[in-house]
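Where a number appears in this text, it was derived from the coordinates with a stated rule and is not lab data. Bear in mind that the values here come from a model prediction, so they are computed numbers and not experimental data. Here the Cβ positions follow ideal geometry from the backbone for every residue, glycine too, while neighbour counts run over all protein chains shown.
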Amino acid sequence: MDDQNKNQMETGTDWLEEYEGQLAIDAYQTPESVIIKAPIAGVKPEDLDIDINDEVVTIRGTRKSVGEVEKEHFYVQECYWGAFSRSYVLPIAVDASGSNAALKDGILTITIPKQERTKTHKISIKTD
């Protein structure tokens with residue numbers, strides 16, 4: 001047993017109390033937007049904070065436990081409860097001011113419009 005685990009057992013502290021969970025995301029693009037989706041079941045909209053600038057999207061929140069069960073009564077505890085965050089560096093320039101977010105069926109969907117200069121424009125080739 002390493003010293004940190006031994007110290008935690010002796011002091012009764014839990015490493016999860018100091019840990020901030022990392023949110024899993026999917027990020028993809030459409031011709032007009034960058035879409036970010038994250039499963040956040042059990043989190044209320046008022047417990048979320050989303051910051052978007054031209055380069056980075058940061059999602060922070062807290063998943064609150066609804067039942068108070070003492071730790072010694074658990075057989076297994078794999079669900080993460082507490083603060084979480086995720087920052088994602090956007091691969092292209094976006095218009096952060098046109099962004100919107102929706103929460104449906106436990107899935108957070110953030111839609112961020114691409115900046116006009118990053119949209120692909122198809123041009124035709126003229127022949128003589």
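Test of understanding: what is the full-extension gain from E32 to D128, defined as 0.36 nm times their sequence separation minus their Cα-Cα distance?
31.2 nm
Counting other Cβ atoms within 10 Å, which GluC sites (Glu not before Pro) in the range 60-128 have at most 12 and lie in a DSSP loop?
Answer by residue number: E68, E70, E78.
Under 5 Å between amide hydrogens, which residues at least 5 positions from D95 or on another chain qualify, with H placed 1.01 Å from N in the peptide plane?
Amide H neighbours of D95, under 5 Å, 5+ apart: K114, Q115.
In whole percent, what relative contact order does the range 21-116 give with Cα contacts below 8 Å and a gap of six or more residues?
About 35 percent, as a whole number.
Go through the range 16-112 and name the chymotrypsin sites (Phe, Trp or Tyr not before Pro) that are in a DSSP coil and have 13 or fewer other Cβ atoms within 10 Å of their Cβ.
Counting only loop positions with at most 13 other Cβ atoms within 10 Å, the chymotrypsin sites (Phe, Trp or Tyr not before Pro) in the range 16-112 are Y19, F74, Y75.
Using a 10 Å cut-off around each Cβ, can you sort S85, S97, S33 from fewest to most neighbouring Cβ atoms?
S97, S85, S33
Please report the net charge: other residues with Cβ closer than 13 Å to the Cβ of T62, K and R +1, D and E -1.
Summing Lys and Arg as +1 and Asp and Glu as -1 gives 0.
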